[in-house]
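Encoded as structure tokens, the structure appears first; notes follow it.
The values are calculated or read from the model by the stated rules, or taken from the named source; none is laboratory data. Computed from a predicted structure; not experimentally measured. Note that each Cβ is placed from the backbone with ideal geometry, even for glycine, and that neighbours are counted across all protein chains shown.
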Amino acid sequence: MTASPESGPRPRTSKPLAQHRTRFFDHRIPSLHAGRYRIDNRQILKDVDGADRVIDATPQPFDVVQPRFGIDPIGINARFPVQDAIGTYSRTLPHINLDAPALPWSRPLGSGHGAAIPWMALLLFREDELPEDPDAVGTVTAGTVRELLTGGLGPGKAPVLPGESLRPEEYDEVCATVLVPAALFDAVKPLPGEMGYLAHVREGGRPDATRAGDEPEPDEKELNGVVVANRFPAASGGRHVVHLVSLEGFDRYLTASAPAEGVRLVSLTCWAFTSEPDSGIGFGDVCQNLATVDGTTPRPEEELRLRLPVSAPAHPTAPQREALDRMAGGAVALPQRLETGERTVAFHRGPLTARPAQDLPDPAATRLDSPGEALVYLEKYGVFDTSYAAAFTAGRTLALADAAFRTALMEFRATARGAVRRLASHPQLVGRAVSARQLTAPLAFESFDRMLTDEGGTRFTRAVDRAGPQLRAGRRRDAATGVSRTPADPRALLSRPGVADVLTQAAANEYRTVTGWLDGLRRLEMLGLEHLVPDSRMLPPETIRFAYIDQEWVRAAVDGALSIGVGHALDADLNNLATQGGPVPACAVLLHSALVTDWPNTVITGYAGGTPVEPLRSAVYGTGIQLLLYPRVIDRFELAEPPRGICFGIGDVGTIELREISGDHIGHPKEEEFPQPAGFGRFLRPGGRDVLNVQGSGDALVPALAAAHGVGGISSAQFALQMINAPQVKAFSRP
């Protein structure tokens, strides 16, 4: 396997097999903003003499009602990070998803601001920043709107709202407020020009819009308003609280300094989460390290195979070439002591091979009876390959150590032996529909049962009536004539049609126990890591290794397990009945990485010819090694970051992947990292609070993104498209 050649400092987001449409729109401006209105109706009647008569109808007031001082939790579709979440979020911009798509634009921010500027913003605060909530748990000061406007809820400048804009009942509504000090507000507040980029409308629906010129009308049921924060959580971790605040009545302080007493903002909703310290190494960094040598150059194919890394001499001799070839296949050289006491060196490996195992010659017998039969002698060099002998011994040792399997195997053989011998003693039964009970129950009991039922019980009555006179007369029952009593060869019967099925049914429970245990052995379940990886240098930390499964090794292990308690040739033949089990894996992937512990929900997928292949087994050894076994040889292997829905932020190394903003492939990755060189620090406001400079003075993000796309400017929907922090995928392809 080789890592897919990729440019850039982090893994690309691969194109998913199942695609679903997500579209972004700049805004949803209502036909009529929320507020108080009046309809005046005037009619002018013209007299024939030319004098006009003006008639004024009674004014008709009406209100357009929208949430203003709080949002019903039912109207919140999603929040990210979720309430009380714990994770590493220092590269993520929190956001809130509202059911009402037009809510962020439902009322004007203030005079002089365009309709596309929202009246709300999402502000992120850390511990010890808010005087009334130093622990950042979401503590707010609650009271009525009247108390807020009159300064009764505590220090901080209250919003200045025109009295005519308030409905009488609104004064008695309860609202939640938060005091933000002046310096903090000036540091984190979004500029009016930035607020339009921090809100958009999202639509999710059927995957039926793939080209820019062939898009259906928005599905009203799938539209949501989204507001994004402009600040990253602290890299050092800690508690954070997010407030969706109303900036109505504070618009003048967005471009000027906040009042010295600070501002008391209406918190429409809030939630808290905990960000863990950022080690600087994320999912993409770990995957990139697995796949590349230096972060960019893909690892050579041989480095991804399960083999011992060795340095070959420039001009190896024939014995050296033999050793190197075997080690390239996954074997290691180990000291060996022969049965004669001599010390030598032998090659050894487990069931996992770096190359497809060499076909073995047809054996003289259908099974192995001892580890000595499995030794491979390299006569030319006078050394052994002990791989198959070790497999036989491993299977035998595991079987001896498992009392349940050992007992079931012995009982299965004993029952099957009795059944096949009865068939041999009664050859006329072979080929007939014979039940397992007929082959295992005592013959006398079976004959007596038949006598009770034959001819409606009259046969038993006649036998009892005749028994007394016959016994007194000394008469004996003559042997039946015309029935052959020549016993058949039990071993020869095993190959007859239907015999094997009857024998396995004779001890069905024990047979299931035996075959189930052997299926587990075929899946390498009972084998320790030392059997799979005989040398730890083959699988060092932060590596991924691909391997084939040697079917003959697995067969030798099964033969070893079945070799216990074999007393004669019939027992050995009966072992063949237990070898009809499940499939043997064809290939394996071993992962020794922090992904196993730090990202336990990583989505791992193997493909063969573009079709996903379900693993036969997935197991974790210790704390950081994962094994996956597949029934077919896969040609593509993917590691995908756990899905988390759409969120916004930057990648592990401080970049984003640019996406197409025009043409027939809007949203598709351009395979360009931004910015270059990597690092988003240049787009942060000074002050060390990790606030994004979206479109302020200095090096702002929006103009830089527009320049990267070669356009004069981008919209809020296009900005959201660029800032999507989608789960990352790293793919390995088999050449």
Every residue from segment 693-714 that is of a type in the set (Gly, Ala, Ser) and either in contact with a Gly (Cβ under 9 Å, 6 or more places away or on another chain) or part of a strand (DSSP E or B) (or both) = 696, 706
In segment 561-593, how many residues are under 37 Å from the mean Cα position of the chain (by Cα) and of a type outside the set (A, V, I, L, M)?
-> 9
In segment 344-375, which residue that is modelled with pLDDT under 85 and part of a strand (DSSP E or B) is farthest from residue 627 (Cα to Cα)?
-> 344
Applying the selection to segment 242-272, what residues are more than 22 Å from residue 159 (Cα to Cα) and buried (at least 23 other Cβ atoms within 10 Å of the Cβ)?
-> none
Please go through segment 639-670 and pick out each residue that is surrounded by 14 or more Cβ atoms within 10 Å (Cβ to Cβ), in a loop (DSSP other than H, G, I, E, B) and in contact with an Asp or Glu (Cβ under 9 Å, 6 or more places away or on another chain).
-> 651, 652, 653, 655, 666, 667
Residue list for segment 171-196, filter: closer than 22 Å to residue 71 by Cα, buried (at least 17 other Cβ atoms within 10 Å of the Cβ) and either more than 41 Å from the chain's Cα centre (by Cα) or of a type in the set (Ser, Thr, Tyr) (or both) = 175, 177, 179
Exactly one of 344, 297 is over 27 Å from the mean Cα position of the chain (by Cα) and either among the β-branched types (Val, Ile, Thr) or at negative phi (or both), and that residue is 344
Mind checking which residues of segment 34-59 are part of a loop (DSSP other than H, G, I, E, B) and either of a type in the set (D, E, K, R) or under 30 Å from residue 102 (Cβ atoms) (or both)?
-> 34, 40, 41, 47, 49, 59
Unique match (being basic (Lys, Arg), out of contact with any Leu (no Cβ under 6 Å at 6 or more places or on another chain), surrounded by fewer than 16 Cβ atoms within 10 Å (Cβ to Cβ) and closer than 30 Å to residue 554 by Cα) among 326, 321, 349 = 321
Give segment 60-80 a look and list any residue that's in a strand (DSSP E or B) and either of a type in the set (Phe, Trp, Tyr) or closer than 30 Å to residue 122 by Cα (or both), or say none.
-> 62, 63, 64, 76, 77, 78, 79, 80
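In the set 225, 138, 193, 114, which member is closer than 28 Å to residue 720 by Cα, among the small types (Gly, Ala, Ser) and modelled with pLDDT under 90?
Of the residues listed, the single one that is closer than 28 Å to residue 720 by Cα, among the small types (Gly, Ala, Ser) and modelled with pLDDT under 90 is 114.
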Which residue out of 155, 118 is under 26 Å from residue 259 (Cβ atoms), in contact (Cβ under 8 Å) with a residue 60 or more places away in the chain, surrounded by fewer than 17 Cβ atoms within 10 Å (Cβ to Cβ) and not aliphatic (A, V, I, L, M)?
-> 155
